[in-house]
Amino acid sequence: MSNRFFLKTVPVVLLTVFLFFGFKSEPAKIASYKCMIQMTNYSGEGAYIVISLLSPKGDYEKTLYVQGDDVEWYSDMLSWWKFQEKTFGKMDAITGATISGGGRAICIIQIPEDKIDAGYKIRFESAVEDQEYYKDDVEFELTYESVESKVDGKGFIRYVRLIKQED
């Protein structure tokens, strides 16, 4: 009896383990977007800008891009810096030069497609030395409609525009 039970049970257990661990889900597809940031006509130093992906709960999930390459000034982005201090070694966002008043910059950001139309947001924070800091200079829900539109800023950023890059 025990041999028969063993011979019937082992294949079922092995099949269950194979089905559970044998199929790996595909990693989320990543979409590339050309991002144009148009600044307002302010005077002073160039602006530091951080583009972040926020979870549906509003928590920082990932830094998508940093505009400004002098690490000394990153702490001026107060809200983002609290998140970044915990994961600083893991920052993989590309950095570029700061953007001066009236200037414009174009960068490429990569957004996991499974985050679009799933309650996530994109936030652009901006700060200028000896001036203000805008936690949510530009912030919008990440939808297929919003990533193809122009979004106005509240501070140093006049507007941002995203355009999907075709493969």
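Brief remarks on what is shown
- Taking the criterion of being in a loop (DSSP other than H, G, I, E, B), of a type in the set (G, A, S) and either buried (at least 19 other Cβ atoms within 10 Å of the Cβ) or at positive phi (or both), the residues of the stretch 49-81 that qualify are G58, G68.
- Pairing each residue of the stretch 44-61 that is among the polar types (S, T, N, Q) with any residue that is at pLDDT 95 or above, provided the two are 6+ apart or on different chains, yields C-beta distances under 7 Å for S52/R123; S55/Y120.
- Taken over the stretch 124-133, the criterion of being surrounded by fewer than 21 Cβ atoms within 10 Å (Cβ to Cβ) and either part of a strand (DSSP E or B) or at pLDDT 95 or above (or both) is satisfied by Y133 alone.
- T98 vs. criteria over 17 Å from K34 (Cβ atoms) and within 12 Å of the chain's Cα centre (by Cα): no
- Complete set of residues in the stretch 134-162 that are of a type in the set (K, R), in a strand (DSSP E or B) and more than 18 Å from the chain's Cα centre (by Cα): R158
- Leading residue by the ranking (nearest to I51 (Cα to Cα)) among those in the stretch 113-132 that are of a type in the set (A, V, I, L, M) and touching a helix residue (DSSP H, G or I) at 6+ places or on another chain (Cβ under 9 Å): I122
- Flag if I37 is at pLDDT 95 or above and of a type outside the set (S, T, Y): yes
- Residue pairs whose Cβ atoms lie under 7 Å apart, separated by 6 or more positions or on different chains, with the first residue in the stretch 113-137 and over 18 Å from M36 (Cβ atoms) and the second of a type in the set (G, A, S) and part of a helix (DSSP H, G or I), are K135/S79.
- For the stretch 89-112, the set of residues classified as out of contact with any helix residue (DSSP H, G or I) (no Cβ under 8 Å at 6 or more places or on another chain), under 28 Å from T143 (Cα atoms) and modelled with pLDDT under 75 consists of K90, D92, A93, I94, listed by residue number.
The values are calculated or read from the model by the stated rules, or taken from the named source; none is laboratory data. Computed from a predicted model, the values in this text were never measured in an experiment. Glycine gets a Cβ as well: all are built from the backbone with ideal geometry, and neighbour counts include every protein chain shown.
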